[in-house]
Amino acid sequence: MIVKEEFLSKLRRYFSLNLYEVKIWTALLSRGVSTAGELSDIANVPRSRSYDVLESLEKKGFVVMKLGKPIKYIAVPPGEVIERVKKNMRKSAEDKVKRLTDLKNTEVLNELNTLHTQGVELVEPTDLSGSLRGRHNLYNHIELTIRNAEESVIIMTTSQGLMRKVEGLKPTLELIKKRGVKIKIAAPLTKETKATVKDISDVAEVRNTDTKARFIIVDGKEIIFMVLNDSEVHPTYDIGIWVNTPFFASALQELFSLAWKSMKTVKEVAK
């Protein structure tokens, strides 16, 4: 049996199997029914490992052990395997989410919070900074930062960035709006952003700007700024810098406030 390495790699990613498991599984699929020894020879897997691998595949729902001697194994149809893997993944994810949810009501979280609080107290504010690589990581940290806002959130972004942020961050923005946090968003307003602006109008005040910049200021204390043009970089390679610096953040917030006064409102842009 000759199976391309590229195909085996795909199976490993899709089904979360190790190399021996995909080799034994594909070998069994090519035979339908076979013994561990036969599969070991076909798949070029050490015989000492083939029984362990088949036992693992059986637990995961890929194969069925046939009664009798010698012991043989039957391949489960691939379509059925997909459904079983989906079911197992869903169950595993639900269990993990439940454990994490239950953790909120235990002393473990209190101890973790105490450790974090004590640790932060020992850190200089200027040391609370970091580099964020990849747009997914960026948005996760943006959400975390604005969720803790107490007074204000300022967002300067691009047209595409506006649409992404409203789509991904609206629930969080709605949450802090209810707490009385003032939200201001400045971005180039175009025909493409019209629906987005309407969607967020009851949560944030939006104005038009031609300035090309991407940053967020929270409570005049924290800044997250992106160093690349989002139209010229792949999301995977987007880079942001997070800094906890009240001195610089408050200064930048004042500059933004001055520019805000001259920015056109949504109604003015629509005329």
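Each reported figure results from applying straightforward, stated rules to the coordinates on display, with no laboratory input. Small disclaimer: the values here were computed from a predicted structure and weren't measured. With ideal geometry, Cβ positions are generated from the backbone for all residues, glycine too; neighbour counts draw on all protein chains shown.
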Exercise for the section: Could you please state, rounded to a whole Å, how far the C-alpha centre of region 229-253 is from the C-alpha centre of region 159-194? Expected result: 17
Handout entry: Charge tally in the Cβ shell below 15 Å around Arg12, where Lys, Arg are +1 and Asp, Glu are -1, Arg12 excluded
Key = +2
Fill in the blank from the handout: region 36-67 and region 132-147 have their Cα centres apart by a whole-number Å value of 44
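What number in nm² do you get for region 5-88 if you take the convex hull of its Cα atoms and divide its surface by four?
Working: hull surface 20.3 nm².
With the hull built on Cα positions only, its mean projection is 5.1 nm².
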Handout entry: Sparse-neighbour loop sites [trypsin sites (Lys or Arg not before Pro); region 154-217; at most 12 other C-beta within 10 Å; DSSP]
Key = Arg179, Lys191, Lys212
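Return the subset of Lys66/Lys91; Lys66/Lys96; Lys170/Lys212; Lys182/Lys264 for which the Cα-Cα distance in this structure is over 24 Å, preserving the input order. Before the final figure, lay out each step's value.
On the way: Lys66/Lys91 27 Å; Lys66/Lys96 33 Å; Lys170/Lys212 22 Å; Lys182/Lys264 18 Å.
Checking Cα-Cα distances, Lys66/Lys91; Lys66/Lys96 exceed 24 Å.
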Handout entry: Under Karplus coefficients 6.51, -1.76 and 1.60, residue-wise ³J(HN,Hα) of region 215-222 in Hz, glycine/proline x
Key = 7, 9, 10, 10, 6, x, 10, 10
Exercise for the section: Rounded to whole Hz and in sequence order, give me ³J(HN,Hα) for region 31-36 from the Karplus expression 6.51 cos²θ - 1.76 cosθ + 1.60, θ = phi - 60°, writing x for Gly and Pro. Expected result: 10, x, 9, 6, 8, 5
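With +1 on each Lys and Arg Cβ and -1 on each Asp and Glu Cβ, and nothing else charged, work out how big the dipole of the chain is about its Cα centre, in Debye to the nearest 20.
Working: 44 positive and 35 negative charges, 236 e Å.
The dipole magnitude comes to about 1140 debye.
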Handout entry: Rounded to whole Hz, the Karplus (6.51, -1.76, 1.60) HN-Hα couplings of region 140-145, x for glycine and proline
Key = 5, 6, 4, 4, 4, 5
Completion exercise
Expressed as a whole-number percentage, the relative contact order of the chain with C-alpha contacts under 8 angstrom and at least six residues apart is 15
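Order these by the 10 Å Cβ neighbour count, fewest first: Glu268, Glu58, Glu222.
Details: Glu268 11, Glu58 14, Glu222 21.
Fewest to most other Cβ atoms nearby, the residues stand as Glu268, Glu58, Glu222.
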Completion exercise
Computed, not fitted: 222 nm per-residue ellipticity of the chain from DSSP H runs ≥ 4 (each -39500 (n - 2.57)), nearest 500, equal to -17500 deg cm²/dmol
Problem - trypsin sites (Lys or Arg not before Pro) restricted to DSSP loop in region 2-102 with at most 14 other C-beta within 10 Å - result: Lys4
